[in-house]
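See structure below.
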Amino acid sequence: MKKTIFKKILLILFIVLVAIQFIHPAKNQSTEMPATHIYNKYATSQDVQQILATACNDCHTNNTNYPWYASIQPVDWWLNDHIKDGKKHFNMSEFGAYSLRKQYHKLEEVVEQIKEKEMPLSSYTWIHGNANLSAEQQNKIIGWATAIMDTMKATYPLDSLIRKKKPTNS
Ligand code: HEC
C-alpha cells in the first residue's frame, strides 16, 4: 500500500519536472549598445571591459551569455532570479540613466563589493572559474570605478553626488 503511494508521488514529481521544462522566463538578451551604457558615459579600457565581461556582465547588463544548463528547469528560474536581482541593484547598460547621486553611490559599491570579495557571487565563480578575479584584476576594477568617481567630482558640485549631512546641533 505504502509503496504504491510512494510510486504515485514519484510519478507526479516526474510529470511536474517534465512540464516545467516548457516554461522559461524571457531571456535577458540584447545586442544593442545603448547610449546609457556605462562605457558610453565614462572611459573604460579594453582591459577593464574584458574583466567585466568575464565576471560581471551576465548579471549586471541587459545581455547575458547563457550557459547550456540554462535550458534546464528549475535552473533557469534560479539564474533568472540572480540576473533580475543583480540588474535591479546595478545595471551597467542603464547606468547613464541613473541620477548622478545614484551613479556615484553605485561606483562606491563596486569598490566595496570587490574589496570585500562579495562580487562576483560565489555561486557564479564556482562554475565560471575564470571569473575568480586575481588581485591585479580586482585592482583594475577598483581603479576604473575610482577614476570615474574622480572625474565626476571634478565635473559636478559635490552635493550633487553625495547627500549633504543634515546639520546637527552638537
Ligand atoms: C551571478 C550573478 C552576479 C555576478 C556574476 C555579479 N553580480 Fe553583482 N550582484 C548580483 C546580485 C544578485 C546583486 C544584488 C544582491 C546583493 O547585493 O548581493 C548584486 C549586487 C551588486 C552591486 C550593488 C550593491 C548595492 O547594494 O548597491 C554591485 C555594485 C555589484 N553587484 C557589482 C558587481 C561586479 C563589479 C561584478 C563583477 C566583478 C558582479 N557584481 C558580478 C549578482 C551578480
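Nothing in this text is a laboratory measurement; each read-out follows from the coordinates by a stated rule. Only a predicted model underlies this, so the values are computations on that prediction, with no experimental measurement involved. Every residue, glycine among them, receives a Cβ derived from its backbone with ideal geometry; neighbour counts consider all protein chains shown.
Using the structure shown, decide if L79 is within 16 Å of the ligand (Cβ to nearest atom), closer than 30 Å to D159 by Cα and either in contact with a helix residue (DSSP H, G or I) (Cβ under 8 Å, 6 or more places away or on another chain) or among the β-branched types (V, I, T) (or both).
Judged against the criteria, L79 is not a match.
Taking Q46 as the residue in question, decide whether it is more than 12 Å from the ligand (Cβ to nearest atom), surrounded by 13 or more Cβ atoms within 10 Å (Cβ to Cβ), free of Cβ contacts under 8 Å to residues at least 60 places away in the same chain and more than 16 Å from the chain's Cα centre (by Cα).
Against the criterion (more than 12 Å from the ligand (Cβ to nearest atom), surrounded by 13 or more Cβ atoms within 10 Å (Cβ to Cβ), free of Cβ contacts under 8 Å to residues at least 60 places away in the same chain and more than 16 Å from the chain's Cα centre (by Cα)), Q46 does not qualify.
Kindly indicate the residue of the stretch 82-110 that is surrounded by 15 or more Cβ atoms within 10 Å (Cβ to Cβ), among the hydrophobic types (A, V, I, L, M, F, W, C) and in a helix (DSSP H, G or I) and also nearest to the ligand (Cβ to nearest atom) among those meeting that condition.
V110
Which of the residues belonging to the stretch 112-135 are surrounded by fewer than 17 Cβ atoms within 10 Å (Cβ to Cβ), assigned to a helix (DSSP H, G or I) and of a type in the set (A, V, I, L, M, F, W, C)?
Answer for the stretch 112-135, where residues must be surrounded by fewer than 17 Cβ atoms within 10 Å (Cβ to Cβ), assigned to a helix (DSSP H, G or I) and of a type in the set (A, V, I, L, M, F, W, C): just A135.
Is it the case, given these coordinates, that T31 is within 15 Å of the ligand (Cβ to nearest atom), in contact (Cβ under 8 Å) with a residue 12 or more places away in the chain and in a loop (DSSP other than H, G, I, E, B)?
Taking the combined requirement at face value, the residue does not satisfy it.
Can you tell me which residue within the stretch 136-165, out of those that are of a type in the set (V, I, T) and closer than 16 Å to G96 by Cα, is surrounded by the fewest Cβ atoms within 10 Å (Cβ to Cβ)?
Looking at residues that are of a type in the set (V, I, T) and closer than 16 Å to G96 by Cα, I get T155.
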